[in-house]
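Since the structure comes first, as structure tokens, the remarks are kept for the end.
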């Protein structure tokens, strides 16, 4: 009998407690304009000048190379202190070369389970071999590397024109490529 009473009490609490303890809604008031002020933002990294590649050697499947943009950020700062925490970039090993992109919404697909907007990439054979020390291994998958200082997780592989004059060492998600451009240095 006591189990039924406890069960009935729980049911009554669940269904009627929001009504008994709810608070009347208050109108939303706008944030006063004097609380807004510009927040300094570090300048976006500039794209490095690259050597032109003969058009006969390039098989672009993308409509156009992206142009990096970074809109100004304005946030309310009353009572807030802005703290910038820099993450150290490893200086152990590095590989430099060309990058390409994929996973641009409306243009190309993303890797399953890794939505657009994330910091993800596909590694080409040269990068995989540099990380592992041998050509065929799987320890590169899931590894975090830094592409021009931006933290990126390797989630997939690409052929990326291996051993061709227009080889790419990494295939970046579009949002990362927009920040770093076509010539990159990868460290891990």
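Bear in mind these aren't lab numbers, they're just calculated from the coordinates by the rules spelled out. All of these numbers come straight from a predicted model, not from anything done at the bench.
A straight chain from residue 185 to residue 116 at 0.36 nm per residue would run longer than the Cα-Cα distance by 22.6 nm. Dividing the convex hull volume of the alpha carbon atoms of the range 137-188 by its residue count gives 89 Å³ per residue.
Counting only Cα atoms, the size of the range 89-188 along its three principal axes is 36, 29, 25 Å, in decreasing order.
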